[in-house]
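S.K.: Dropping the structure in here first, questions after.
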Amino acid sequence: MKTPDKPILEGHGLTKHFTANRGFLQRAAAPVRAVDDVSLTVRRGETLALVGESGSGKSTLGRLLLNLLEPTAGDVIYEGRNLGNLSAQELRKVRQDLQIIFQDPFASLNPRMNVQRIVGEPIWLHDAAARSEREDRVAELLRTVGLAPEHAERYPHEFSGGQRQRIGIARALASRPKLLLGDEPVSALDVSVQAQVVNLLEDLKQQFGLTLVIVAHGLAVIRHMSDRVAVMYLGEIVELAPVDALFEQPLHPYTQALIDSVPVSHPKDRRERQVLGGDMPSPSAPPPGCRFHTRCPHARPLCRENQPVFERLPDDRQVACHFWREIASAGSGSPIVVTPSTAFSQRLALFKARQSTLTEPHP
Ligand SMILES: Nc1ncnc2c1ncn2[C@@H]1O[C@H](COP(=O)(O)OP(=O)(O)OP(=O)(O)O)[C@@H](O)[C@H]1O
Ligand code: SF4
Ligand SMILES: [Mg+2]
């Protein structure tokens, strides 16, 4: 039996600054501060979403967590072990456990390889299984993701977008991972196909006891499939909360603006909207103090000078804003009490029940 809140993957003070290579006599450009001092925990068996505008650092943070990028500073801890202290051989084993699914399955699948090779390659690399065993395993993986074993002889261009994403997922599953990171796994797909792929990911999570980290623009997808959501702005996490609490009572002004930007279908759901004005500042020169102050309708002098701490609240929430209490109270007309909604409590109960019935991954 698993403990729902036990961490599987942790980032401590993760930082990634990209430095452009300039010519010998040129002045060095300011580094792009893609991720700055981010700490977060991914819990075993949960679906954690990373959201935020384009360029906020979601993909970079995801790649840091999966050890696909070397951090400028900070540590990644996987199952209690600091990846920075592992040997090359130990790291190879960890990489099998932590797999990624890309946004554009066409770009991420080698067009000259057939499906047998694409999906079979990780098995060949990691398992050294006999050829017939590999073929059987590829057939099993294809069935698992809703494709037919006969598809193994075909090439990526012979498939639809949704089928190609299934091939990408089969390849990611080939090394029997414990955690899958989907970097915008459905945003390149038609809306009708998006739901099918989301459902597939949820089924696989159940079947194999996976942990999912989903990077996404689409808040609707996130609301449907995640347990907790981390909101990123300009290389930092500004709010982290259980999904229903975040949607029903966003505390950070940036989260409020993001949620307000989601179209609502029912008139009763319409409320006064907070429009997110201006562009995100350059990550090479982030504003001092609170990085959101240049666009925040609630900004005050303190916000320009002091960086807010990422405060831990009751009810499993964290927020980085000097004035979240006042802002939230003003919005609701009464002092804020951060209590979980009924929907959230039901979801949490379901999540916990699901965790306790999960079997070991990949029997
Ligand atoms: N290899 C790189 N070299 C230089 N800058 C980079 C590199 N990768 C990312 N960046 C920059 O780091 C910042 C964060 O990028 P990242 O791709 O992590 O954002 P994102 O939130 O995933 O955006 P999107 O939603 O567009 O995918 C951006 O300013 C981006 O231009
Ligand atoms: S700290 Fe200030 S600028 Fe930043 S989000 Fe809060 S109110 Fe806005
Ligand atoms: Mg990205």
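Each reported figure results from applying straightforward, stated rules to the coordinates on display, with no laboratory input. The model shown is predicted, which means the values in this text are computed figures rather than measured ones. So basically every Cβ, Gly included, is an ideal-geometry build from the backbone, and we count neighbours across all protein chains shown.
S.K.: Treating the beta-carbon of each Lys and Arg as +1 and of each Asp and Glu as -1, no other charges, what is the dipole magnitude of the stretch 161-262 about its Cα centre, to the nearest 20 debye? Don't jump to the answer; show the numbers that get you there.
M.R.: On the way: 8 positive and 11 negative charges, 121 e Å.
With only Lys, Arg, Asp and Glu charged at Cβ, the dipole is about 580 debye.
S.K.: Then there is this: By average Cβ neighbour count within 10 Å, what is the ranking of 36-49, 162-175, 82-95 from highest down? Intermediate results must be reported in sequence, preceding the final value.
M.R.: On the way: 36-49: 21.5, 162-175: 23.6, 82-95: 12.5.
Descending mean neighbour count gives 162-175, 36-49, 82-95.
S.K.: What percent of all Cα-Cα pairs in the stretch 205-248 falls in each 5 Å bin, counting up from 0?
M.R.: The percentages, shortest bin first, are 5, 19, 29, 25, 14, 6, 2, 0.
S.K.: Quote the charge dipole size of the stretch 283-325 about the Cα centre in Debye, to the nearest 20; the model charges only the Cβ of Lys and Arg (+1) and of Asp and Glu (-1).
M.R.: Charge dipole, the stretch 283-325, about its Cα centre: 160 debye, nearest 20.
S.K.: Given charges of +1 on the Cβ of Lys and Arg and -1 on the Cβ of Asp and Glu, with all other atoms neutral, how large is the dipole of the stretch 82-176 about its Cα centre, in debye to the nearest 20?
M.R.: 140
S.K.: How do 189, 302 line up, fewest other C-beta atoms within 10 Å first?
M.R.: Fewest-to-most Cβ neighbours within 10 Å comes out as 302, 189.
S.K.: Among 150, 121, what is the fewest-to-most ranking by other Cβ atoms within 10 Å?
M.R.: The most exposed by this proxy come first: 150, 121.
S.K.: Taking amide hydrogens as modeled 1.01 Å from N in the peptide plane, which residues meet the under 5 Å criterion relative to residue 181, leaving out close sequence neighbours?
M.R.: 99, 100, 101, 213
S.K.: To continue, here is another question. Rounded to whole Hz and in sequence order, give me ³J(HN,Hα) for the stretch 160-167 from the Karplus expression 6.51 cos²θ - 1.76 cosθ + 1.60, θ = phi - 60°, writing x for Gly and Pro.
M.R.: So the J values, rounded to whole Hz, are 6, x, x, 5, 5, 5, 4, 5.
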